[in-house]
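Some notes on the structure that comes next.
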Amino acid sequence: MVRKEEQELLNHIKEYKLQLSNSLRKKLFNKREEKHKKGEVFFKGLWISQNKIGRIQDKLKKRGLIIFWEIHVLVFIVILFNFLLWIGFKRFLLP
C-alpha cells in the first residue's frame, strides 16, 4: 500500500515538473516574441534595440583592437626586460 502511494506521489511530482517546465518555456518564448516585435535583438546576453547594435559592435571592435595591441606591447616589454636582465647578469654577476 505504501509503495503504491509513493509511486503515485512520484508520478504527480513528475507531472508537475513537466507542466512547470512547459509553462516556463511558453512564457519565455512569448516574451522573446514580444521583444522581437518591439524590434529588440538578443545580443551578447542583453536585449538591445536594433539601432544600437551597430554602435555596440563598433565599440567591441575597438576594444578588441586595443586588447590585441596591449597584449603585443606587453609581450615585447617582457622580451626586452628579459634581454636586459640577460645582459646585466652576463656583465656583472657571471664570471
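Laboratory data are not the source of any read-out in this text; all were calculated from the coordinates shown. All values derive from a computational prediction rather than experimental measurement.
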- [ ] Please list the non-local residues whose amide H lies under 5 Å from the amide H of residue 43, H modeled 1.01 Å from N, same-chain partners needing a gap of 5 or more.
- [x] 48
Task: Compactness index (Cα Rg / 2.2 N^0.38 Å), the chain - done: 2.42
Task: Distance histogram for the range 52-95 (every C-alpha pair counted, 5 angstrom bins, percent rounded to whole numbers) - done: 5, 20, 12, 13, 10, 9, 9, 6, 6, 4, 3, 2, 1
TODO: Multiply the residue gap between residue 7 and residue 27 by 0.36 nm, knock off their C-alpha separation, and tell me the result in nm, one decimal place.
DONE: 4.2 nm
Open item on the list: How tilted is helix 2-37 with respect to the longest principal axis of the chain? Cα atoms for both, answer in degrees (0 to 90, nearest 10).
Closed with: 60
- [ ] Round to the nearest 10 and give me the degree value, 0 to 90, for the angle of helix 50-88's Cα axis relative to the longest principal axis of the chain.
- [x] 40
Task: Descending Cα extents along the principal axes, the range 10-54, whole Å - done: 51, 19, 6
